[in-house]
1. Divide the volume of the convex hull of the Cα atoms of the chain by its number of residues and quote the answer in cubic angstrom per residue.
2. Given a Förster radius of 30 Å and the C-beta distance between Ala30 and Ala264 as r, what FRET efficiency does 1/(1 + (r/R0)^6) yield to the nearest 0.05?
3. Provide the FRET efficiency to the nearest 0.05 for the Asp257-Ser39 pair, computing r from the beta carbons and using R0 = 30 Å.
4. Would you grab the residues whose amide H sits under 5 Å from the one on Met89? Only those 5+ places off in sequence or on another chain, please, with H modelled 1.01 Å from N.
5. Rounded to the nearest 0.05, what FRET efficiency do Leu182 and Ala112 have when you use their Cβ-Cβ distance and R0 = 30 Å?
6. I'd like the orientation of helix 238-247 relative to the chain: the angle between its Cα long axis and the longest Cα principal axis, in ° from 0 to 90, rounded to 10.
7. Kirkwood Rh over Cα pairs of the stretch 73-146 into Stokes-Einstein at 10 °C, 1.306 mPa s: D in µm²/s?
8. Does anything in the stretch 177-201 have its amide N under 11 Å from the 7 Å Cα→Cβ label point of Cys250, and if so which residues?
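A short reminder: the numbers here are calculations on the coordinates, not readings from a lab. Just so we're clear, the structure is a prediction, and the values are computed from it rather than from any experiment. Using ideal geometry, Cβ is built from the backbone for each residue, glycine included, and neighbour counts are taken over all protein chains shown.
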Amino acid sequence: MRDGFQIEPHFVPTEQKVALIDGLSRTGLAKIEVTSFTSPKAIPALADAEAVMRQIARAPGVEYAALVPNMRGAERALGCKVDELNLVMSASEIHNLANLRMTPAQSLAQFAEVVALAAGHAQVNASLSTAFGCPFEGDVPEAAVLSLVQRFVDMGIGRVTLCDTTGMANPAQVGRLCAAVLDRWPSLVLTAHFHDTRAMGLANALAALDAGVDRFDASLGGLGGCPFAPGASGNVCTEDLVHMFQAMGCDTGVDLDALLALAAQMPGLVGHAVPGQVLKAGPSTRRHPVPEGVRSRDPQQRPAGSRA
Ligand code: COA
Ligand code: ZN
C-alpha cells in the first residue's frame, strides 16, 4: 500500500484504500505497510495516513506498519497505534538528501530519537534505501551498508530491510550482501525489498531466499517506486512472488486466489494497467481446453472414454 501508492499521480480515495487493506488482511499476509507519515507536500498520494490507519479493521496476527521519515512522522504514527514504525534512510548520501532533505547522519540522529519514543509502544524496523546501488552515486560499497546496519543494531533496532530502490541489484550481489548480513547478525529480522525496474526482481528474491532471507516486501499488481529516485518503477509484484514460491513448494501462508482477486481491482483503482504477470496469464496450475481435433498419442493422457 505504501510503496505501491506513493508514486501514483491519481489520489486513491481513502475508503478505497481501506477496503483494499481490509481485503489484504484476509489473505494470510504477515504484514501490511498501510501508509506513510511523511510530509503531505512530499507524498500527496498518502496525505490521508491518519484516516486510513484509523478506519482499517485490524485482523489478529497481521502486523500493520507505516513508513516514518522523522520524529514528526513517528509521533503521528504512534498516535494511530501502528504496530511497526518503518524508519527510512538511504545508504547513499545524495539519495538521502533528495528523498528526505537530510544527511544520513541527521537521519541516524532521528532514528535514535524515534527508537526512544517508540519503546514499549511499537516495533521499529529500519529500511535502508539504495542498499544495492544509488541512481545518483552508482555503486554502494557493501562495507557502507554493513556499517549502517551496525549503527541500527547498536541503537537496539532488531529489524532491518535492505531496499533496492531502483532495481540496480543483481542476484549474485543480493546473495553476497544478504549472506554477509545474516552471517554477522544471525538473529536480525531481515527483510528484502526489491524493485523490478530492470526485470531482476524475482531473481533477486530467489537469491535472497537462498541466502536465508524469508521475509519479502512486495506490492500488489507490481505498483510502486520512490518519487525522489529518477527512473524508479514498481516493486516485485506480491502475487507473482507468492506464485513463484508456491510453485517451488514453499509455504508462504498466503492465499494466492484471494490475492489475485484483489490484484484484479488494481487497474480500476489507479486508472492504468499494472505490471503483474500472473494476473494476466493465470497461475501455472491453469489448464486450457484441448484444441478441437487434437488428441494425445499417450493413452495415459487421453481423457477417460476417448478413443485414439
Ligand atoms: N508529517 C507531516 N508533515 C511533516 C512531517 C511529517 N512527518 N515532517 C515535516 N513536515 C512538515 C513540517 O511541519 C513543515 O510544514 P509547514 O511547511 O506547513 O511548516 C514542512 O513539512 C517542512 O518541514 P521540514 O522539517 O523542513 O521538512 P522538509 O521539507 O525538509 O522535508 C521530510 C523532510 C522528511 C518531511 C520530507 O522530505 C518527506 O516527507 N519525505 C518523504 C519521502 C518519501 O516518503 N519518499 C518515499 C519513500 S522512500
Ligand atoms: Zn521501494
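1. Working: hull volume 47.4 nm³, N = 308.
Enclosed volume per residue, from the Cα hull, is 154 Å³.
2. Details: r = 22 Å, r/R0 = 0.74.
Once rounded, the FRET efficiency stands at 0.85.
3. Numbers: r = 38 Å, r/R0 = 1.27.
Approximately 0.20, to the nearest 0.05.
4. Here Ser127, Ser129 satisfy the definition.
5. Details: r = 24 Å, r/R0 = 0.81.
Working from the Cβ atoms, E equals 0.80.
6. 50 degrees
7. Values: Rh = 13.0 Å.
It comes out at roughly 122 µm²/s.
8. Taking a point 7 Å out along Cα→Cβ of Cys250, the residues of the stretch 177-201 whose backbone N falls under 11 Å are 192.
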